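What follows is a single structure, written as structure tokens, with notes after it.
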Amino acid sequence: MERNQGLCFFILAAIVAVALRPAPTMAGRLELRNEIKEVAVRKAKLSVRCRSNEDDLGWDVIKPMESRVWQFTTMNMWPFQKTEFRCQFRSGFGTTSQEVVTVFSVRSGFRRECGFGGDECTWVAKRDGFYLRKAVRDKDDRQAFVDILKSKWVWKW
């Protein structure tokens, strides 16, 4: 009898362990684009400093009409939901109104802001501000994009 209880406990523990195992998704993708145009190149450059929970990626300069892309594995199961990228931005027009902008997070509310699928977030710097490029479906159910202004450039210095 005790042997059967021990076996049942072992099987139950194995099932719980498999069910609670964190499940990574391989589709995490972050893109930062510089679409500032029709100004002097010096003013159109975008300086970016990004960091995740584990890594500081340092400062980088993105020239006009260029982009930077990062791909990474995310953990999507509680309590392991922790992948988050935050960036600082500087341009010839100023900085974003927030000192540090969260540009990717596994939190479901944030991921919905990026559009359907939610594992890809694209941010775009333009002359008048900083935008989230949201993936949407058009009336013919094709993928389309809408740019949503998240911050006008401001001077803080």
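Ranked highest first by the average count of other Cβ atoms within 10 Å around their residues, in what order do 98-106, 119-127 fall?
By packing density, highest mean first, the sequence is 119-127, 98-106.
Report the FRET efficiency, 1/(1 + (r/R0)^6), for Arg127 and Val69, where r is their Cβ-Cβ distance and R0 is 22 Å, rounded to 0.05.
Working from the Cβ atoms, E equals 0.50.
Filter Lys126/Lys150; Lys37/Lys63; Lys37/Lys139 down to the pairs with a C-alpha to C-alpha distance above 20 Å, please.
Violating the 20 Å Cα-Cα cut-off are Lys37/Lys139.
Tell me the label-point distance for the pair Lys37, Val154, using the 7 Å Cα-to-Cβ offset, in nm and rounded to one decimal.
2.9
Among 37-44, 132-139, how do they line up from the highest to the lowest mean number of other beta-carbon atoms within 10 Å?
The densest-packed peptide leads the list: 132-139, 37-44.
We did not get these values from a lab; they are worked out from the coordinates using the rules stated. Predicted model, so just to flag it, every value in this text is computed and none were measured. Quick reminder, even Gly has a Cβ in these numbers, built from the backbone with ideal geometry, and neighbours come from all protein chains shown.
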